[in-house]
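Only the coordinates and a few stated rules stand behind these numbers; no lab work does. Quantities reported herein were computed from a predicted structural model and do not represent experimental measurements. Here the Cβ is made from the backbone with ideal geometry for all residues, glycine too, and neighbour counts use every protein chain on show.
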Amino acid sequence: MGFKEGFVWGTATASYQIEGGAFEDGKGLNVWDVCSKQPGFVKDGDHGDIACDHYHRYKEDVAIMKKMNLKAYRFSINWARVIPNGIGKINEKGLAYYSDLIDELIKNDIEPYVTMFHWDYPDELFKRGGWLNPDSPDWFAQYAKVLVEHFSDRVTHWMTLNEPQCFIGLGHKQGTHAPGLKLGDTYILQAAHNTLLAHGKAVQVIRQYSKQPCEVGFAPIGGPTCPAANNPKDIEAAKAVTFGCDKDNYIWANSFWMDPVFLGQYPEDGMKELEQWMPKIGSDDLKIISQPLDFFGMNTYQGGTVRYNEETKETQWVKKIAGYPRTAITWPVTPEALYWGPKFFYERYKLPIIMTENGMSNIDRIFIDGQVHDPVRIDFLTRYLTQLKRAATEGVDIKGYFQWSLLDNFEWGEGYNERFGLVYIDYKTGERIMKDSAYWYSDVVKSNGKNLSTEL
């Protein structure tokens, strides 16, 4: 058996990581344009000024997608390319670029899945307070309206925000991502709440102005905790950790970001500990945040493991074995995350799931035969997709899978040191080389996953 009929197979990218064209055709600055130029902010002084040059080579990249038999492409739009100051005057050349990309995808029978925001916040709005400004949800809604008015005649799949855990947690709390801030909890919680309001208002805009029926979702990190054994007590322990929230981990807690969106309330356990720092919540705020969605976007690369200790009556983290498998970026290889994660999130939020990101960084190079051989990635994806298929065969409604990523690209603070792509990028020449995994993935797509065993 494969995945269900109509299953969506695609790849995903993000605008700042691949586009380049950072100062062309009227584009405004975003916080990554600025922060990446600060000494020491990105490894090796790397930046996204050129990146994969997708801005000029998108037709070539779409042709590669076509060759890979992809059914869909998830990409993000650079807010400041469309509206250079974040609000106000529209940049027609920026709109034309995305319009041309959408047309090229459709011409090649590839469905566009648009993410409105993937971390490249307009610098002019950051100078006005960014996500801390009480007007920031409305700024985002205005931007969303521009996108919907111009593209909804051809785009029917939208995602509002990608991984707020990262752009708030890493960008505003830890300071390792743009805009590089290290704020206290009062400010972090205000920025987070405004971010969730921005999501809700954007959903309202999409529903109101879309020119045709559409599907709307949200793409947070889906960070599951897996049970050590398939028994009721370990499973309940894993579920409790997956959705737990406290003052020390709230920025990464699934329930902190997802419960308001899908259930219309912040998690009770987290609010008990965070109450003194929480912003004032307006009477309609949670109603706005919890606008009905069509799918749950899940970005998952790894998961921890717990067991229930019968003697102590406590949940315990399971220590990783010595020499445990990991990817080039040192993330642990835990395929079971794509089984337990969808099961837990589907049970709690009761929405169809789209895997909006999953993949691995590998130490890839051009071999002496001129090809890029990456058996480690093929093994990784086989294991993860097999677990996703297992969840699907057990009744979890899984609508699609977007591999991260189509191209090797700028990996934020790691610069160009990590290669996540199915397609190798020679950053000196811009040459694209399909890796072995790209050809393998093409076969998976053609078979709709029937060539994946559920017995791995």
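Worth a mention:
- Rg over Rh, two decimals, segment 78-175 (C-alpha only, Kirkwood Rh): 0.99
- Mean Cβ count within 10 Å, highest first, over the residues of peptides 145-155, 213-223: 213-223, 145-155
- Within segment 362-456, the percentage of alpha carbon pairs spaced more than 21 angstrom apart rounds to 38%.
- For segment 262-421, the calculated P(r), taken from all Cα-Cα distances in 5 Å bins from zero up to the bin holding the longest distance, is 1, 7, 12, 14, 15, 15, 14, 11, 6, 2, 1, 1, 0 percent.
- Listed by chain and number, the aspartates and glutamates whose alpha-carbon sits under 16 Å from that of LYS320, ignoring those within fewer than 8 places in the same chain, are GLU336.
- Distance from the Cα centroid of segment 314-391 to that of segment 1-70 is 22 Å (rounded to whole angstrom).
- Long pairs among LYS287/LYS319; LYS93/LYS428; LYS247/LYS287; LYS93/LYS280, criterion Cα-Cα beyond 29 Å: LYS287/LYS319; LYS93/LYS280
- Calculated P(r) of segment 242-296 - Cα pairs past 13 Å, %: 59 percent
- Extension gain (nm, one decimal) between ILE281 and LYS4, 0.36 nm per residue minus Cα-Cα: 95.6 nm
- If you take the Cα centroid of segment 119-165 and the Cα centroid of segment 273-289, the two points sit 21 Å apart.
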